[in-house]
1. Being over 19 Å from Y99 (Cβ atoms) and touching an Asp or Glu at 6+ places or on another chain (Cβ under 6 Å) is the filter; apply it to segment 573-601 and report the residue that is farthest from ligand 4 (Cβ to nearest atom).
2. Going through segment 465-487 one residue at a time, which ones are closer than 18 Å to F533 by Cα and polar (S, T, N, Q)?
3. Using beta carbons and a limit of 9 Å, which pairs, at least six apart or on different chains, have the first residue in segment 545-564 and within 16 Å of ligand 1 (Cβ to nearest atom) and the second one open to solvent by 40 Å² or more (accessible area, probe 1.4 Å) and at pLDDT 95 or above?
4. Confirm whether A418 is among the small types (G, A, S) and over 23 Å from the mean Cα position of the chain (by Cα).
5. Among the residues of segment 547-562, is there at least one that is away from ligand 4 (no atom under 16 Å from the Cβ), within 22 Å of V153 (Cβ to Cβ) and not β-branched (V, I, T)?
6. Would you pick out the residues in segment 173-214 that are touching a His at 6+ places or on another chain (Cβ under 6 Å) and surrounded by fewer than 17 Cβ atoms within 10 Å (Cβ to Cβ)?
7. Go through segment 419-447 and count every residue that is in a helix (DSSP H, G or I) and either open to solvent by less than 10 Å² (accessible area, probe 1.4 Å) or at pLDDT below 95 (or both).
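The values are calculated or read from the model by the stated rules, or taken from the named source; none is laboratory data. None of the values given here were measured: they were computed from a predicted structure. Positions of Cβ are generated from backbone atoms using ideal geometry, with glycine treated the same way; all protein chains shown enter the neighbour counts. Calculation scope for accessible area: heavy atoms of the full protein, side chains included, ligands and nucleic acids excluded. Shrake-Rupley method; radii C 1.70, N 1.55, O 1.52, S 1.80 Å.
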Amino acid sequence: MNFETKTKLSADALNDLSFDEFDEVINPKPEDSDFDAIVEEAISRRGFLGGVLAMGGVATLGVTSTSLTPIAAQAADSRFGFKAVAASVEDTIIVPEGYNWHVATSWGDPLFSDVPEFDHATRGTAASQARAFGDNNDGMAIFTDKDGHQILVANNEYTNRSVMWGNNPDGKFVTDDDINKGKNAHGLTAAELKEVDGKWQIVKDSPYNRRFTPDEPMDITGPARGHDLMKTNADPDGVTALGTFNNCGNGRTPWGTYLACEENFNGYFGTADADGYVQDDAKKRYGVSGNDRGYGWWKVDDRFDVAKDPNESNRHGYITEVDPYDPTSKPKKRTALGRFKHENAEVVVNADGRIAIYMGDDERGEFLYRYVSDGFYAEGGDTDDLMENGTIYAAKFHADGTGEWLALTPDSTGMDKAMICIHTRMAASAVGATTMDRPEWVTANPLKAEVYCALTNNKNRGIKTNAGGDETPVGGPNPREANNYGQIVRWWPSNGDHTADTFRWDLFVMAGNPTVHTDAYGGSRNVNEGNMFNSPDGLAFDNKGLLWIQTDGNYSNEEDFAGQGNNQMLIGDPATGEIRRFLVGPREAEITGVAWSADRRTVFVGVQHPGERGDSHWPDGGDKTPRSSIVAVRRDDGAAIG
Ligand code: FEO
Ligand code: CA
Ligand code: CA
Ligand code: CA
């Protein structure tokens, strides 16, 4: 049986299926399908291929980690130092024995003493929200000044209408102030944190406290600055954008700045004038339509009306650099890093001093990117050019376990430099990069030249093209059709050089459910009943070279996801492949964002959108409004974590 043939047949047949039938097809059971041989071979190879699960002779993966030994749950020689926690569906945080947690800050916490505490009945106003911790915290980082003050910078990715406006009859905005409250809950929050009576909290009125809302002025820098596509009614020169929003993962630079990464920016643009808006190919590729996701911004702010200001959407989808140490600094939108649905930005200083930045584009069938600076980083030197002049590359993975970075240049794409930065997806399509299963966070091992990326899931794999019409064949690092569980790919730059054109790769883990499936959907050999999960998303290495894995997946705890419970955080050991569950979140939440205190005795973990469907009152309990929060996790003995 040829896997490619099967894919084609399925793609044709799938058009007529109901959802139930569809589910059956995407998870073929061995007795029902004729690709038993592939499954059998895959399973038989689980014992010695490290994280790799090879798919027969059709989509054979690179076999590069044969030194890995089989995984025992709770291996005695593990480097983890904690006992795994069980899956849970409780509406709380669960951490291992010997650890404790508390909430450090939540949506609506005031940054200044003249702002009222969060009001569960009204959920605040546009004015209070603009000076309080934003909603739906995601990526974050902690910076420490010379006097030891610790500054949290966190993305406030988006809002859930039913939570933001849950005090209204049907969970929708009624007034303009409702809309502006939601708008002001987006962006970034900077806040000094400190431990008071053993618990972390915001230092009200700290000079570092600051909100960056969707109205904050920012310099547009790099090749797209001043381009015709960047010019709007309010900014005819195309040099100053207002705001950043829908920032998902983050990055931090070695020179002490924060990188906010704009992801699903398209969902904020709408219009009542359907005839007045023309959706060209580029707008279609980026999903900018006349319909927003129900935020209503275009009703109160003309720049979000795509008929009135068709170029405003071209000014979002970038990476924004923020200086947390200077509260008066103006953020910079770094167009040189490209425009797509950015997940995070992992900055690596290469051995020769050049900067490599790894970046995922989180949409089904989109690409994995790398940026390489022209200039060289020197500690204390001028860094402004490093994210201005450089080259963007897109990854191409080969089935034999090798891969290459394809440079996006005027020659290779037929686009000029500015257009490559504005329509980066189209540039990557032009060079034939590999369509991926939704690249989420990328993280680089601090101890060796290896890089990991979470490919969260992709129900369209092998079934539908991406929005640009690129095929999404099953194979390589995307080995499962209608991939509902996700996987983590890793690669080793040739010669340990992060600027090299080539790399080797394999899969560290394929998530799955071995209690439901005995085929490839059961997961790779380092997945078992005690650590199974779906939809890896957040990834971060700690100082010891252990890989922290956060999930944003299906928390139904049923059928394909039976036994996996709420979203969670696990820790993986790159050397052995072992994965152990460290934390489980409350109901209907995603676990996303991780950062360490200066002394590394606290690890801060982000809990996003608890109760997004109405079944959580975390963290305040009772009948209280659920609130996205950052929790502080520590060991009872006060030792460092990670
Ligand atoms: Fe906002 Fe890709 O998750
Ligand atoms: Ca998120
Ligand atoms: Ca994410
Ligand atoms: Ca996700």
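1. In this case the residue turns out to be R587.
2. N478, N483, N484, Q487
3. Note: pairs meeting the criteria are Y555/V89; Y555/R587.
4. Details: among the small types (G, A, S): yes; over 23 Å from the mean Cα position of the chain (by Cα): yes.
It is true that A418 is among the small types (G, A, S) and over 23 Å from the mean Cα position of the chain (by Cα).
5. Within segment 547-562, not a single residue is away from ligand 4 (no atom under 16 Å from the Cβ), within 22 Å of V153 (Cβ to Cβ) and not β-branched (V, I, T).
6. Step one: of segment 173-214, the residues touching a His at 6+ places or on another chain (Cβ under 6 Å) are 192, 199, 214.
Listed by number, the list holds a single entry, K199.
7. Initially, segment 419-447 is screened for residues in a helix (DSSP H, G or I), giving 419-422, 424-430.
From what's left, either open to solvent by less than 10 Å² (accessible area, probe 1.4 Å) or at pLDDT below 95 (or both): 420-422, 424-425, 427-428.
So the count comes out to 7.
Conditions tested, residue by residue: (1) assigned to a strand (DSSP E or B); (2) touching an Asp or Glu at 6+ places or on another chain (Cβ under 6 Å); (3) among the hydrophobic types (A, V, I, L, M, F, W, C); (4) away from ligand 4 (no atom under 16 Å from the Cβ).
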{"site": "P310", "(1), (2), (3), (4)": "no, no, no, yes"}
{"site": "K333", "(1), (2), (3), (4)": "yes, no, no, yes"}
{"site": "V347", "(1), (2), (3), (4)": "yes, no, yes, yes"}
{"site": "G360", "(1), (2), (3), (4)": "yes, yes, no, no"}
{"site": "S373", "(1), (2), (3), (4)": "yes, no, no, yes"}
{"site": "D384", "(1), (2), (3), (4)": "no, no, no, yes"}
